[in-house]
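Quick note: the coordinates plus some simple rules give every number you see, no bench work behind them. None of these values were measured; they are calculated from a predicted model. Virtual Cβ from ideal backbone geometry, glycine too; neighbours counted across all protein chains shown.
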Amino acid sequence: MKINYVCLGSFCHPKIFIRNTNREIGESLPFDFHSSPNTHSIYYILEKLHEDKTFIHQFNKILFEHDHNQQNKKQLAVQDSTDMFFLHFFDLDDLTDKNIQYPASSDYLKEEKIIEIQQKFKKRYKKLYSILNDENDIVVFLRIENYENPNWKDDLNQLTEILSKFNNKNKYLIYTQKNIDKDLDFFNLYQFNYNYNIPVMLHSYLFDEKITINENENKKFKHLIESFETLLNNCIYIDINNEIKPYYYDSENLLLIQFDNLNSIIQATYLDSKYIELILEDEEYIFLKNDNDNIYNSIS
């Protein structure tokens, strides 16, 4: 199964890392290139996306000019109604009057440009909605917070609650935040946290833009992502009742433990690289591995 990485803010560089390392999904999605220093904007939009299958941004305020981009081009920082900041989508040419003082009303933005950006993101939300409801791939959300968030537990509860509502059954979240309790850190426990609505890999660290420009920080972030991939790649995939799930194999006790639900345990009587015998509801079933997709499928 393919791993699709979906960035949930809070800054641009996690998506840049995904592209630089040729991971999926390289194309732009709604939360990739904004500043979102508040998780509530993300789960509010996701809630609306779940309800309406789309989302249209409304812009409130032009905050300032900046040139934080590869071309050192003057751009506008524009705040939307959810408190998300669009940094790379409006230029000085999009102003109706260049003699304004910041912060300024979004009424100074050309209407045709606002409609253009709204339509651009409508397409991106359509793509995201499709990904979140595709049951054939694995979705790994990245919420990499480049600020301190004392309310991270409440935010994480609300974020995972809305993520759990989408149809994809193989959803995981990698969440980094400096204020996460050290005793919950993945690199102390070497296991996911299952106390939320989807499995979460917690890491108590503050990553910032240096993950793409500083060798040491890049290695740390790469290690985080590869640690998740190693766990997942060491699982086997079984199609049970048309639902494909990854399982750990406890070879000592002949148990298969569902990767995203540690309470789901299956007794195995035999397992090798091609063949599995399982006990399901006191009945024995035989599964053969399909070499085309590496998934074990039932033959009895």
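Per residue, the chain reaches -8500 deg cm²/dmol at 222 nm when only DSSP H runs of four or more residues are counted, each adding -39500 (n - 2.57). Considering only alpha-carbon pairs that sit under 8 angstrom and 6 or more positions apart, the relative contact order computed for segment 1-72 is 26 percent. Over segment 236-298, the hull volume per residue, using the convex hull of the C-alpha atoms, is 80 Å³. The ranking of T39, T96, T54 by Cβ neighbour count inside 10 Å, starting from the fewest, reads T96, T54, T39. By the count of other C-beta atoms within 10 Å, a proxy for reagent exposure, V200, V78 are ordered fewest to most as V200, V78. For segment 235-240, the Karplus equation 6.51 cos²θ - 1.76 cosθ + 1.60, evaluated at θ = phi - 60°, returns couplings of 8, 10, 10, 10, 9, 10 Hz by residue, with Gly and Pro reported as x. Kirkwood hydrodynamic radius of segment 155-284, from the reciprocal of the average inverse Cα-Cα distance over all distinct pairs: 16.7 Å. Placing a pseudo-label 7 Å from each Cα along the Cα-to-Cβ vector at N157 and K178 gives an inter-label distance of 2.5 nm. Descending by average beta-carbon neighbour count within 10 Å, the peptides 3-16, 156-169 line up as 3-16, 156-169, the highest first. Within segment 3-232, all pairs of alpha-carbon atoms sorted by distance into 10 Å bins from zero give the percentages 7, 32, 36, 19, 5, 0. Between segment 230-300 and segment 180-196, the C-alpha centres lie 25 angstrom from each other.
At what distance in angstrom do the alpha carbon centres of segment 15-30 and segment 38-81 lie from each other? Cα centroid to Cα centroid, the span is 19 Å. Shown for M1, M84: other C-beta atoms within 10 Å of each C-beta, ranked fewest to most, produce the order M1, M84.
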